[in-house]
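Engineer: Got a structure for you, questions after.
The values are calculated or read from the model by the stated rules, or taken from the named source; none is laboratory data. Fair warning: this is a prediction, and the values are worked out from it, not measured in the lab. Cβ: placed from backbone, ideal geometry, glycine included. Neighbour counts: every protein chain shown. All accessible areas refer to the heavy atoms of the entire protein, side chains included, with ligands and DNA or RNA removed. Shrake-Rupley method; radii C 1.70, N 1.55, O 1.52, S 1.80 Å.
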Amino acid sequence: MNNIETIEAPVSPGMAAVDEAVRKSYEHGFITDIETEVMPPGLSEEVVRRISAKKDEPEWMTEWRLAAYRHWLTMTPPEWARLKIAPIDFQAISYFAAPKKNQPKSLDEVDPKLLATFDKLGVPLHERARLAGVAVDAVFDSVSVGTTFKKELNAAGVIFCSFSEAVREHPELIKQYLGSVVPVGDNYFAALNSAVFSDGSFVFVPKGVRCPMELSTYFRINARDTGQFERTLIIVEDGAQVSYLEGCTAPMRDENQLHAAVVELVALTTARSSIRPCRTGIRATRTASAASTTS
């Protein structure tokens, strides 16, 4: 009988890391027990108006949303290649959910349960434990609950805030660039997002400025039977530089939840930017596009 020697091929560090990640249990599957305002399921023009009213948006923003919704009604859902995904019932989704105690004027006023949630996710927001060199905009369900290092960034001329705040404080930039990279009619989910987007981040880096720290947005879905519709707009002027990272997690549930996001990057002429998405434990559709233009 021949003796057969078995030699195990060495495992590369990369494959070892993949194997470890696959075997690791999902550590972000917890649910935060917090009182939440949830809009009843369903999608209509009235729902779009209610979302806009919840966010105290000006009339021009409401009309932009309604035009997107009417266009979405004329479109058909995509047929995914090689994927068996059941049709989405868009009338069974709630399009807005927010903690009832969600009007903090500063991070010091943020609900302790929310601070504890982001601590557990590895994204501390309170001053004593903030991530060094990383500014974070934390979004919980449909609203931003806080943004770190805003004063430090403002001193450098960099604007980093929630999209909702940008609509109120920087309407001229929103009007100029919203939908300029990903138009409403770009695709089915871009149109849906344009109608019902809840929150996301806004970044503006002026000409010749190198952003002094990395920027990051962390999206957390918590409420059941809801969708999260991020809208992020990043504008980097001529000769400016910025690095931006996204993360998103959700609880472990038997039901699917929809995260349909749009990220627009406007890089003017010689601007430099880096965008890194990182999503865990959620089924997402995402349209991320960049445009380099001459100012």
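Engineer: If you scale each eigenvalue of the Cα gyration tensor by 5 and take the root, what three semi-axes come out for segment 128-204, rounded to whole angstrom and sorted largest first?
Structural biologist: 25, 15, 10
Engineer: Straight-line reach from residue 207: which lysines have Cα under 22 Å away, leaving out those fewer than 8 places along the same chain?
Structural biologist: 150, 151, 175
Engineer: While we're looking at this one, here's another question. Roughly to the nearest percent, how much of the accessible area of segment 193-264 is carbon and sulfur, given a 1.4 Å probe?
Structural biologist: Reported share for carbon and sulfur atoms: 43 percent.
Engineer: Could you give the accessible area per residue of segment 139-187, probe 1.4 Å, as a whole number in Å²?
Structural biologist: Here the per-residue accessible area is 40 Å².
Engineer: As I understand it, the dipole of segment 53-107 uses +1 on the Cβ of Lys and Arg and -1 on the Cβ of Asp and Glu, about the Cα centre. Which of 94, 73, 107 lies farthest toward its positive end?
Structural biologist: The residue sitting most towards the positive pole is 107.
Engineer: Cα gyration tensor of segment 131-271, axes a ≥ b ≥ c as square roots of the eigenvalues: rounded (a/c below 1.5), prolate (a/b > b/c) or oblate?
Structural biologist: Cα axes put segment 131-271 in the oblate bin.
Engineer: Then there's this: Any idea how far apart residue 120 and residue 84 come out in nm if each label point goes 7 Å out from Cα toward Cβ?
Structural biologist: Placing both labels 7 Å along Cα→Cβ, they lie 3.4 nm apart.
Engineer: If contacts are Cα pairs under 8 angstrom and at least 6 residues apart, what is the relative contact order of segment 71-212 in percent?
Structural biologist: 26 percent
Engineer: Output the relative contact order of segment 192-236, whole-number percent, from Cα pairs under 8 angstrom with separation of 6+ residues.
Structural biologist: 66 percent
Engineer: Sticking with this one: How much solvent-accessible surface does residue 175 expose, in Å² to the nearest 10, with a 1.4 Å probe and all protein chains in place?
Structural biologist: 120 Å²
Engineer: Let me ask something else about it. Which whole-number percent is the relative contact order of segment 131-172 (Cα, under 8 Å, 6+ apart)?
Structural biologist: 27 percent
Engineer: Still on this structure, please answer the following. Stretched out fully, how many nm does the piece from residue 172 to residue 38 gain, at 0.36 nm a residue minus the Cα gap?
Structural biologist: Length difference between fully extended and current span is 45.1 nm.
Engineer: Here is a follow-up. In nm, what is the difference between 0.36 nm times the number of residues separating residue 241 and residue 53 and their Cα-Cα distance?
Structural biologist: That works out to 64.2 nm of additional length.
Engineer: Pull up all non-local amide H partners of residue 228: gap of 5 or more, or a different chain, and H-to-H distance under 5 Å with H placed in the peptide plane.
Structural biologist: Here 258, 259, 260 satisfy the definition.
Engineer: Here is a follow-up. For residue 36, what residues show an amide H to amide H distance below 5 Å, using hydrogens built from the backbone and excluding near sequence neighbours?
Structural biologist: 100
Engineer: With a point put 7 Å past each Cα toward its Cβ, work out how far residue 154 is from residue 75 in nm, to one decimal.
Structural biologist: Placing both labels 7 Å along Cα→Cβ, they lie 3.6 nm apart.
Engineer: Can you give me the distance in nm between label points at residue 100 and residue 62, each placed 7 Å from the Cα along the Cα-to-Cβ direction?
Structural biologist: A separation of 2.6 nm, rounded to one decimal place.
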